[in-house]
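Shown next, in structure tokens, is the structure this report addresses.
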């Protein structure tokens, strides 16, 4: 399935707020150059940005791999970190485990995972305490 695709890969650094969002911006730029429909570009950019910010805030770093295929865009985010204790709770709008410092910076409002789900066609989250988190998102073209 991944043999006819474009693969973009990004290294995400924990607490690197100066570069947070660069992966999402780069993918957006690539999709625009490929003349992907604006509504698809918007969905991918929002979902990927939310995932990238979550990695910067909550993990010890990780990787994002984006596969642009003829029929879909697949985003795989994998981090090293504490994991998500309760995925169902984390999916609730407004629920956040971000510190007060992070919230004072304007992040950690508890909308990351809900927005990711809202803007993709398929969202799969695998996480365990002390095992990090693996998220796969798909947007159908």
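The values are calculated or read from the model by the stated rules, or taken from the named source; none is laboratory data. Just so you know, these numbers come straight off a predicted model, no measurement behind them. Note: ideal-geometry Cβ built from the backbone for every residue, glycine included; neighbour counts use all protein chains shown.
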Counting only residues in segment 118-130 that are assigned to a loop (DSSP other than H, G, I, E, B) and at pLDDT 95 or above, the one farthest from the chain's Cα centre (by Cα) is identified as 121
> Do the conditions hold for residue 61, that is, is it within 18 Å of residue 107 (Cα to Cα), buried (at least 19 other Cβ atoms within 10 Å of the Cβ) and touching a helix residue (DSSP H, G or I) at 6+ places or on another chain (Cβ under 9 Å)?
Replying inline: no
Among 54, 115, the single one that is buried (at least 16 other Cβ atoms within 10 Å of the Cβ), under 14 Å from the mean Cα position of the chain (by Cα) and over 19 Å from residue 9 (Cα atoms) is 115
When restricted to 109, 47, 90, the only residue surrounded by 19 or more Cβ atoms within 10 Å (Cβ to Cβ) and either without any contact (Cβ under 8 Å) to a residue 24 or more places away in the chain or over 23 Å from residue 13 (Cβ atoms) (or both) is 90
Of the residues in segment 9-24, those that are surrounded by 15 or more Cβ atoms within 10 Å (Cβ to Cβ) and either part of a loop (DSSP other than H, G, I, E, B) or free of Cβ contacts under 8 Å to residues at least 60 places away in the same chain (or both) come to 10, 13, 14, 20, 21, 23, 24
Given (1) in a loop (DSSP other than H, G, I, E, B); (2) surrounded by 15 or more Cβ atoms within 10 Å (Cβ to Cβ); (3) at pLDDT 95 or above, residue 75 misses just (1)
Screening 102, 135 for residues that are buried (at least 17 other Cβ atoms within 10 Å of the Cβ), under 22 Å from residue 21 (Cβ atoms) and either out of contact with any helix residue (DSSP H, G or I) (no Cβ under 9 Å at 6 or more places or on another chain) or without any contact (Cβ under 8 Å) to a residue 60 or more places away in the chain (or both) leaves only 102
